[in-house]
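What follows is a set of notes on a single structure, which appears directly below.
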Amino acid sequence: MWHLITAPILLPMLTALVIMLPPVHYSPMRRRWVSMISSAVQLVLVVILLLHVQQNGLLHYAIGNWQAPFGIILVADTLSMVLVCLTSFLALGAICYGSAGEDEKGSFFHPLFQFQVMGINGAFLTGDLFNLFVFFEVLLIASYALLIHAGGKNKTKAAVHYVVLNLTGSAIFLFSLAVLYGTLGTLNIVDMAQKVAVLPAEDLMLVKSGGLMLMIVFALKAAVLPLQFWLPATYSSASAPVAALFAVMTKIGIYALLRVYTTIFGADAGPLQGMAADWLLPAGLATIVLGAIGVISSHDFRKLVANLVLVSVGTLVAMVALHTELSAAAALYYTVHSTLVTAALFLIADLISNQRGKAADRLVSGRRVVQPILLGSLFMLAAMAVAGLPPLSGFIGKLMLLQAVTEPANRALLWAVILMCSLLVIVGLSRAGSTLFWRVSGGDASGDKAAPLQVFAVCWLLLASPLLVIFAGPLTELSQQAAAQLYDTDTAARAILGSAATEGDVP
Amino acid sequence: METLFASCIGFLTFCGIFLMLRGRTFPVMLGLTMLSYAVNLFIFASGRLTLRGAAVLGTSEQYADPLPQALVLTAIVIGFAMTAFLVILAIRARADLGNDHVDGKLPDADGMKRESR
């Protein structure tokens with residue numbers, strides 16, 4: 001049990017290495033099977049780990065047995081395990097979709113995919129801020145290569161912007177880490193929280209500037225308003241399974257914001273408490289509005305879905321900024337829902353564009369799709385879920401979000417923005433759907449039918465939405481538990497640093 | 001020493017940011033490299049600057065903080081790999097898009113087309 005916490009990092013890494021070795025590497029079928037089976041095994045392992053963490057509380061693992069404030073540690077609490085489960089679930093769906101033929105359009109699809117999953121899992125599990133940077137780079141370098149998978153002008157152009165922006169982000173990340181290390185003397189997240197609590201007044205401004213630089217980095221990863229310009233172009237030009245996996249990448253930024261500004265600059269941080277909230281709330285709301293405007297003004301379906309990602313990012317950032325246990329729980333449930341549904345929408349967009357000939361996924365009248373009933377109903381389900389219409393998970397997610405806003409001033413603002421933008425999203429999606437499926441001009445339907453594996457992948461991701469509704473009771477409990485654990489920094493500190501260290505630090 | 005070190009970091013950052021705001025991929029790349037040099041020096045300084053400070057126990061009276069040195073090493077390796085990737089990507093972009101502008105098209109070429117119409 002103890003060592004199982006390393007599995008979400010080691011398993012994808014070893015799988016990637018195995019796929020690159022001769023007996024597997026030379027056969028496309030073998031590559032696919034190894035990749036798919038490994039993802040399925042990983043999903044089972046992380047669910048076991050989640051159940052263990054849920055029952056026995058936080059689990060931490062000192063790498064090389066170097067104890068906490070000095071060595072690097074991995075921490076599995078309910079929040080990070082839920083997100084790791086989400087990643088594994090999503091990765092399995094995306095790999096299945098990619099295995100239907102997309103993976104042969106370029107080289108090293110499966111190894112890169114596994115490396116990216118490793119980076120994502122590592123970023124969720126690490127308990128050390130510098131290690132978070134390292135895992136960010138692991139997932140980023142894999143994502144750079146995956147982004148230009150299958151080549152093409154648009155992809156190269158989007159990749160140049162994406163790489164330059166993220167390298168700048170990494171530089172800022174390192175600047176802020178150096179400032180924080182220089183003042184606090186540690187990079188272990190829990191230990192930093194304790195050092196911030198007893199910070200001498202002369203270091204206050206330095207730590208504040210370091211903390212706010214971290215906010216810039218995470219906001220760039222999450223694509224919050226002034227830093228979101230890279231997202232629509234990048235996500236809409238990436239190939240479908242890659243775009244589906246990218247749906248979880250913005251959530252890593254959100255997770256990091258949640259972790260850093262609750263644990264390090266949380267309730268005990270004195271004057272630094274909640275310093276990011278003043279920036280994140282307006283930025284989040286503006287991102288929602290901009291995303292919704294993007295949804296109704298997109299000329300192609302993939303860009304529309306990329307703008308839906310922006311809407312969900314804005315919503316989540318606004319929730320993080322509220323800084324309550326309730327809002328964190330709502331944000332977690334909504335993260336799971338929005339990631340899976342937007343990923344499914346990216347895959348559906350690809351299926352539709354494959355069957356419409358030259359019109360592809362542009363919102364103009366074009367050839368009829370080959371499988372109107374199948375694609376239409378999948379689109380309908382995904383659109384209803386993402387817009388937040390009643391029977392599906394979007395509705396419950398939005399309800400939790402709206403209920404989590406307790407302050408009257410915030411409530412008026414947030415309810416108005418979220419609900420108005422939901423309306424815009426519904427308008428945008430119904431316009432897109434009616435154009436894609438009903439505005440048919442000339443030519444009979446001809447084109448490839450969707451491969452069974454592709455349909456399975458889409459259904460796998462969409463299935464999550466009804467499941468999130470059916471098991472809404474236990475899942476909301478789980479997310480509330482995760483939020484409670486996130487805010488309970490004392491217990492985490494005692495578990496990770498040991499009781500002696502906790503007492504010793506208080507002067 | 002502190003003044004010299006700080007001004008070095010400041011100057012490198014200034015050059016880095018200036019070059020990163022240029023329109024062609026090569027200066028942008030140089031700018032990122034400059035910025036990563038500045039970052040590396042900055043991380044190094046976060047362990048405080050000491051003269052004759054050893055990082056190994058039992059070799060001197062005064063010790064330097066070894067952690068920033070480890071951090072800087074990691075940052076150098078990662079920064080180097082990323083720069084190498086960016087160089088290859090920039091060459092590919094030059095081939096795919098036909099020019100080395102970061103936006104994939106030259107702004108003056110666009111203007112000239114409009115005028116000739």
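The values are calculated or read from the model by the stated rules, or taken from the named source; none is laboratory data. The shown structure was predicted, so the numbers you read here are calculated from the model rather than taken from an experiment. Cβ sites come from the backbone with ideal geometry, for glycine too, and all protein chains shown count toward neighbours.
Looking at the range A:377-401, which of its residues are surrounded by fewer than 20 Cβ atoms within 10 Å (Cβ to Cβ) and more than 21 Å from the chain's Cα centre (by Cα)? Those that are surrounded by fewer than 20 Cβ atoms within 10 Å (Cβ to Cβ) and more than 21 Å from the chain's Cα centre (by Cα): A:Ser377, A:Met380, A:Leu389, A:Pro390, A:Pro391. The residues on offer are A:Val386, A:Val309, and the sole one that is assigned to a helix (DSSP H, G or I) and in contact with a Phe, Trp or Tyr (Cβ under 7 Å, 6 or more places away or on another chain) is A:Val309.
Between A:Phe130, A:Phe175, the distinction of being assigned to a helix (DSSP H, G or I), closer than 29 Å to A:Val47 by Cα and within 11 Å of another protein chain (Cβ to nearest Cβ) belongs to A:Phe130 only.
For the residues A:Phe246, A:Phe218, A:Phe229, the requirement of being of a type outside the set (Lys, Arg), under 21 Å from the mean Cα position of the chain (by Cα) and surrounded by fewer than 21 Cβ atoms within 10 Å (Cβ to Cβ) singles out A:Phe229.
Residue-by-condition table, conditions (1) touching a Cys at 6+ places or on another chain (Cβ under 9 Å); (2) hydrophobic (A, V, I, L, M, F, W, C); (3) surrounded by fewer than 20 Cβ atoms within 10 Å (Cβ to Cβ):
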{"site": "B:Met1", "(1), (2), (3)": "no, yes, yes"}
{"site": "B:Ala45", "(1), (2), (3)": "no, yes, yes"}
{"site": "B:Leu71", "(1), (2), (3)": "no, yes, no"}
{"site": "B:Arg92", "(1), (2), (3)": "no, no, yes"}
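Hey, any hits in the range A:90-104 for a residue that's within 13 Å of chain B (Cβ to nearest Cβ) and over 16 Å from the mean Cα position of the chain (by Cα)? Within the range A:90-104 (the criterion being within 13 Å of chain B (Cβ to nearest Cβ) and over 16 Å from the mean Cα position of the chain (by Cα)), the answer is no, since none of the residues qualifies.
For the range A:178-196, a tally of residues being within 9 Å of another protein chain (Cβ to nearest Cβ), part of a helix (DSSP H, G or I) and under 21 Å from A:Thr262 (Cβ atoms) returns 4. Scanning the range A:448-463 for residues that are at pLDDT below 90 and either surrounded by 22 or more Cβ atoms within 10 Å (Cβ to Cβ) or in contact with a strand residue (DSSP E or B) (Cβ under 8 Å, 6 or more places away or on another chain) (or both) returns a single hit, A:Ala450. Among the candidates A:Leu146, A:Leu165, the residue that is more than 10 Å from chain B (Cβ to nearest Cβ), touching a Leu at 6+ places or on another chain (Cβ under 6 Å), touching a residue at least 12 places away in the same chain (Cβ under 8 Å) and assigned to a helix (DSSP H, G or I) is uniquely A:Leu146. What about A:Leu199, is it aliphatic (A, V, I, L, M), in a loop (DSSP other than H, G, I, E, B) and more than 30 Å from A:Val458 (Cβ to Cβ)? Yes: the conditions hold for A:Leu199.
In the range B:1-112, which helices (runs of 4 or more DSSP H) lie fully inside it and hold 3 or more residues that are within 12 Å of chain A (Cβ to nearest Cβ), farther than 26 Å from A:Phe130 by Cα and of a type in the set (A, V, I, L, M, F, W, C)? Before the answer, list the steps.
Working: elements: B:2-20, B:25-45, B:66-97.
The qualifying helices (runs of 4 or more DSSP H) are B:66-97.
When you check A:Gly151 against the structure, is it at positive phi, more than 7 Å from every other protein chain (Cβ to nearest Cβ) and modelled with pLDDT under 95, yes or no? For A:Gly151, the condition - at positive phi, more than 7 Å from every other protein chain (Cβ to nearest Cβ) and modelled with pLDDT under 95 - is met.
With the condition kept exactly as written, say whether any residue in the range A:323-342 is more than 15 Å from A:Gly397 (Cα to Cα), modelled with pLDDT of 90 or more and either hydrophobic (A, V, I, L, M, F, W, C) or buried (at least 24 other Cβ atoms within 10 Å of the Cβ) (or both). Scanning the range A:323-342 turns up no residue that is more than 15 Å from A:Gly397 (Cα to Cα), modelled with pLDDT of 90 or more and either hydrophobic (A, V, I, L, M, F, W, C) or buried (at least 24 other Cβ atoms within 10 Å of the Cβ) (or both).
Yes or no: the range A:271-284 includes at least one residue that is buried (at least 24 other Cβ atoms within 10 Å of the Cβ), at pLDDT 90 or above and not hydroxyl-bearing (Ser, Thr, Tyr). Taking every residue of the range A:271-284 in turn, at least one turns out to be buried (at least 24 other Cβ atoms within 10 Å of the Cβ), at pLDDT 90 or above and not hydroxyl-bearing (Ser, Thr, Tyr).
State which residue is farthest from A:Leu90 (Cα to Cα) when the search covers only the range A:346-403 and only residues that are charged (D, E, K, R) and out of contact with any strand residue (DSSP E or B) (no Cβ under 8 Å at 6 or more places or on another chain). So that I can check it myself, show each step before the final result.
Filtering the range A:346-403 down to residues charged (D, E, K, R) leaves A:350, A:356, A:358, A:361-362, A:367-368, A:398.
Keeping just the survivors that are out of contact with any strand residue (DSSP E or B) (no Cβ under 8 Å at 6 or more places or on another chain) gives A:350, A:398.
Values: A:Asp350: 16, A:Lys398: 21 Å.
Checked the range A:346-403; the qualifying residue farthest from A:Leu90 (Cα to Cα) is A:Lys398.
Please go through the range A:358-378 and give me each residue that is of a type in the set (Ser, Thr, Tyr) and outside any loop (DSSP other than H, G, I, E, B), ordered by number.
First, pick out the residues of the range A:358-378 that are of a type in the set (Ser, Thr, Tyr): A:365, A:377.
A:Ser377, the sole residue that qualifies.
Would you check if A:Ile120 is within 29 Å of B:Leu89 (Cα to Cα) and under 13 Å from the mean Cα position of the chain (by Cα)? The answer is yes for A:Ile120.
The one condition from (1) away from every other protein chain (no Cβ under 14 Å); (2) surrounded by fewer than 24 Cβ atoms within 10 Å (Cβ to Cβ); (3) of a type outside the set (Lys, Arg); (4) within 30 Å of A:Leu90 (Cβ to Cβ) that A:Glu202 does not meet is (4).
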